[in-house]
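Down below is the structure, laid out as structure tokens.
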Amino acid sequence: MKPSTYIEISKSALKQNHDFIQSIMLPDVKFSSVIKGNAYGHGIEVMVPLLEEIGVDHFSVFSGDEALRVKEICSDLSTVMVMGMLTPEQLIWAIEDGVEFYVFDLYRLERTLEIAKKLKTKAKIHLELETGMNRTGLSIEELEKASQLIQENQSHLILKGVCTHFAGAESIANYYRIKSQFIRYKKLIKKLKAEGIEPTLKHVSCSAGTIRYPKTQMDMVRIGIMQYGFFPTKEVMVNYFAENQMVDDPLRRVLSWKSQVMSIKEVKTGEFIGYGTAYFASKDMKIATIPIGYSYGFPRSLTNLGNVLIKQTYAPVVGIVNMNSISVDITDIPEVGIGEMVTIIGRDGELEISVSSFSDISNQVNYELLVRLPDDIPRIVVD
Ligand SMILES: *Cc1c(COP(=O)(O)O)cnc(C)c1O
């Protein structure tokens, strides 16, 4: 049975985005698919098999919770890497199950060694270096201690990678900060090498870094937003289009969000629509109720501002966004019936409601709006 509201995931769009990303990747660079935040709202359980189908075998997540979900469904040949939180129990599990993870302070390194020794196994770690973001990462002093511990415990550790993260590669305003981060990173790598430590994978680049500063691709890139069909910012997009004399967007949105008309009603001039006095009908109107509201992540701030698409036409939101429904104006759209397909995000004919148009109004970035899409809206894979 088709649910009343669902999110469509387009396989062909995902493939197209991956082909584009491959085209901007230098030879022999490995691709890690960033699927934190429930795969940016697309759904981990839906995305992992689709990504594996197109050849992805490396997944980056934020937490142990997410890693558990990925491990449940991913191929035995795929690698899962945790870039952030692991509870003490999750750390044990990760080491036992061969899940790779960031070591960004001495505390985690010491716990890791204790556990690996107890389990008589080797933990697979990525050392995260502090290069100027000042979020997580080993400072130069901590790195000395860490490299000593690594040297002494070769039988309990595999140093899979050495990494860092840029503090805003998507904005040219951060150019000098990013550049100095990269310089510091390379210095620290040299220092590690001098101490006899050679990581398999050097990785620093997210989507913006990969496209804007190709030299930062090193051995592996960690790509999130672009695989879902979005440039990290308008600035990155405009810059890329200008440099490559392109006009057509090489990326395609993977996700669309659909619902259907629940009820239709005529409203007379002079009446208010919905709660309170938020919307006043200044003409005779036809209103459709759509069963999605802020409980589904449709921002309440789109009250009187948002649009949906019905029969390839914009239908503006009238009145307050409710918990479970919105009302939209269909006065000028002929022959709308109950059950009519409604596009909340995505394309209908020539028109599109983009995540960014949605988020421009509600003052969220693409990333934020996407990850807020609730887990419990069913995901449906289409071609
Ligand atoms: C989220 C994240 C990425 C991916 O960023 P995108 O801009 O979505 O490509 C890469 N690395 C780290 C450490 C991250 O947290």
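The values are calculated or read from the model by the stated rules, or taken from the named source; none is laboratory data. Every value quoted in this text rests on a predicted model; they were computed, and no experiment measured them. As a convention, Cβ positions derive from the backbone with ideal geometry for all residues, glycine included, and neighbour counts pool all protein chains shown.
Listed values, structure above:
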{"item": "Which listed residue is in contact with an Asp or Glu (Cβ under 9 Å, 6 or more places away or on another chain), in the same structural domain as residue 334 (by the TED database), of a type in the set (Val, Ile, Thr) and in a loop (DSSP other than H, G, I, E, B), from 277, 269", "result": "269"}
{"item": "Within region 197-221, tally of residues that are basic (Lys, Arg) and more than 24 Å from residue 241 (Cα to Cα)", "result": "1"}
{"item": "Verdict on residue 152 being among the acidic types (Asp, Glu) and touching a residue at least 12 places away in the same chain (Cβ under 8 Å)", "result": "no"}
{"item": "Qualifying residue in region 166-174 (condition: small (Gly, Ala, Ser), crowded, with 22+ Cβ neighbours inside 10 Å and either in the same structural domain as residue 60 (by the TED database) or in a helix (DSSP H, G or I) (or both))", "result": "yes"}
{"item": "Residue in region 195-218 that is β-branched (Val, Ile, Thr), assigned to a helix (DSSP H, G or I), within 16 Å of the ligand (Cβ to nearest atom) and touching a Ser or Thr at 6+ places or on another chain (Cβ under 6 Å) present", "result": "yes"}
{"item": "Set 372, 379, 347: member being of a type outside the set (Val, Ile, Thr), touching a His at 6+ places or on another chain (Cβ under 9 Å) and within 22 Å of residue 226 (Cβ to Cβ)", "result": "379"}
{"item": "Residue check, residue 231 within 16 Å of the ligand (Cβ to nearest atom) and either out of contact with any helix residue (DSSP H, G or I) (no Cβ under 9 Å at 6 or more places or on another chain) or not in a helix (DSSP H, G or I) (or both)", "result": "yes"}
{"item": "Residue list for region 109-133, restricted to those being charged (D, E, K, R) and within 21 Å of residue 184 (Cβ to Cβ)", "result": "128, 130"}
